[in-house]
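Step one of this worksheet: look at the structure below.
The values are calculated or read from the model by the stated rules, or taken from the named source; none is laboratory data. Nothing here was measured: the structure is a model prediction, and the numbers come from that model. Using ideal geometry, Cβ is built from the backbone for each residue, glycine included, and neighbour counts are taken over all protein chains shown.
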Amino acid sequence: MFETLLKLSEEPLKSKIKDLYFSKFNYVGAKIDFCITQNLGLLGEINLLWAEAKQGKSELKKSFVQLVLTIGKYKFYTEQTPNLLCAFDGEKIAFLPFACLQEIFYQSDINFSVTPSNHTSEQFLKLLKELDSILNTAQIFYYEKNDEELKTFIKENLTSENISKIKIDKNNFVSIYHKWNKMVKDTISIDWNLAKKSGIIDADFYLADLLSSENETISQNLFAILKKDYYEFNKTKSDLGSIINERTSFKDNQKAHHEFWAIYERPPREEFWDYIIKRRDLLVDQDVRERKGAFFTPRIWVDKACEYLSKTFGEDYEEGYYIWDLAGGTGNLLANFTNKKNIFCSTLDKADIDVIHERIKNGANLFENHVFQFDFLNDEFFDEVDDKGKIIQKSKLPLNLQEILKDENKRKKLIIFINPPYAEAATSTQITNTGKNKEKVARENRICEKYKDILGKANNELFTQFFIRIYCEIEGAILASFSTLKYVNSTNFIKFRQAFKAKFLKGFMVPADTFDNVKGKFPIGFLIWDTSKKEEIKKIKL
């Protein structure tokens, strides 16, 4: 019987292997050659195994590499992933835990756009060499010699008992959030439209659920906390110093919540906690991400930006300069810095502050009191005092940062290191009469009104509102920012360039589509400017 397997072409071979070893499960084949799934009722078909198949005799290591490139090319790793990856031919079959290979999908130096089946491409051969030690650990079964052992392995590793609790990791926590959003979100007693206007989003309640054990959130530093059968959220401090929380429960006596979390194992393994918390931005709606700048800067570009800062200001620049990310999100731009007494991070969302404080608890190199909530386009830098010097309105900025902003020499040593929000008041489709204005996106703030005459058409863009306040109100500082390049070359920015006079120091360009959820073929630049030196922007060389 087994000899005939060697004579089968690929499609009949897949059908035969399914009948011999996976008859109790469902089988589909598309971009991934061979998918074994099982129906779990509430959540539908769950992936148990992904495999690459080859007819005759083949090198299974190459099949695994082809499978990895296929998963990466079509971003299947962002969906619900199986416990096992597999490669087989007409002679043998091999298995590897998905966990052994999951880190590969987050390496920035892999070109997943190549054709996976091209075994001679530079990327294929490079990956084959890189993964060799992992591929050597695959469990291999020969059909003729190891038939019983193979059936036992499948029985022990692809049973409903083993998958009744689906593990959550950094590959699938986003796709599981979308399922939670459909099944649980609307059973929480909150008007989500009103909540969104107040900056409260459902993602924080998902994180409260996800990072829980026995229905209680493990960390007390998140924006929302699950307390068995209700949530506490939006923690604030009263004038008397006491802690005040808002509280809400469930509309359905927690029925949908119990049903949903009966299927998933939580919390995830501890090694994934920091990544999941840090990547909260992936759970934020597109419109909120555009307005608040919750787009995560890929680590490869963060590292390159820090390299350029070092080239510009010297290897030991951290000792002599201050760093302020004033559109900080969850703080990933600051990951490389070590001199935490000189590092500051502010962000619009309180939930992001809670996330960073949780990351500090887990080892992030920041001082808690240097991380603060601040609306850069509305809030004041300095304490407001009366004629007698008494504070009547306290600034949200730490005192030591206020002192830096007041000191001309210290301002020249302040690097504003940012990836600011990029939302526009009008889209290209609106300009061509096929869409609508993004009402209030870049309009309703104090800086927009204050500098509208200076900015002209550039006032449509949030990032230029950040730039003009930095230029005018933090005079002499270093601006080191990611952004589109339109402010240096677009006709809509002529008035902006007439006002913004600074010396260009260094910079580089990267493709926009290397940033999360940014589409289109245009460059994003990281440019470093010395605003203490007044030079017209005529030409820059990257």
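List of remarks:
- The listed residues are T330, T347, and the only one of them that is within 27 Å of I200 (Cβ to Cβ), at pLDDT below 85, surrounded by 16 or more Cβ atoms within 10 Å (Cβ to Cβ) and hydroxyl-bearing (S, T, Y) turns out to be T330.
- Which listed residue, of K54, K129, K92, is among the basic types (K, R) and either within 24 Å of N171 (Cα to Cα) or touching a Pro at 6+ places or on another chain (Cβ under 9 Å) (or both): K129
- Being more than 26 Å from P298 (Cα to Cα) and part of a helix (DSSP H, G or I) is a condition met by at least one residue of the stretch 63-75.
- Test: residue in the stretch 213-227 that is surrounded by 14 or more Cβ atoms within 10 Å (Cβ to Cβ), farther than 16 Å from P267 by Cβ and without any contact (Cβ under 8 Å) to a residue 24 or more places away in the chain: no
- Scoring N157 on the criteria (1) at pLDDT below 90; (2) out of contact with any Asp or Glu (no Cβ under 8 Å at 6 or more places or on another chain); (3) buried (at least 17 other Cβ atoms within 10 Å of the Cβ) leaves a single failure, condition (3).
- So K541, is it farther than 23 Å from S310 by Cβ and either aromatic (F, W, Y) or not in a strand (DSSP E or B) (or both): no
- Which listed residue, of E319, E315, is more than 30 Å from Y177 (Cα to Cα) and either at pLDDT below 90 or hydroxyl-bearing (S, T, Y) (or both): E315
- Residue in the stretch 15-56 that is surrounded by the most Cβ atoms within 10 Å (Cβ to Cβ), counting only those that are modelled with pLDDT of 95 or more and of a type in the set (K, R): K54
- Per the conditions (1) touching a residue at least 60 places away in the same chain (Cβ under 8 Å); (2) under 22 Å from Q465 (Cβ atoms), the sole criterion not satisfied by L309 is (2).
- Listed by first and then second residue, the pairs linking a residue in the stretch 393-411 that is of a type in the set (A, V, I, L, M, F, W, C) to a residue that is assigned to a helix (DSSP H, G or I) and surrounded by 13 or more Cβ atoms within 10 Å (Cβ to Cβ), with Cβ atoms under 6 Å apart and 6 or more places separating them unless they lie on different chains, are I404/K410.
- Subset of the stretch 2-22 that is part of a loop (DSSP other than H, G, I, E, B) and more than 39 Å from the chain's Cα centre (by Cα) - its residue that is nearest to E148 (Cα to Cα): L6
- When residues of the stretch 30-59 are limited to those that are outside any strand (DSSP E or B) and within 30 Å of the chain's Cα centre (by Cα), the one nearest to D89 (Cα to Cα): D33
- Only one entry in Y487, Y471 is at pLDDT 95 or above and closer than 27 Å to N332 by Cβ, namely Y471.
- Any hit, the stretch 29-36, residues being more than 16 Å from D132 (Cα to Cα) and among the acidic types (D, E): yes
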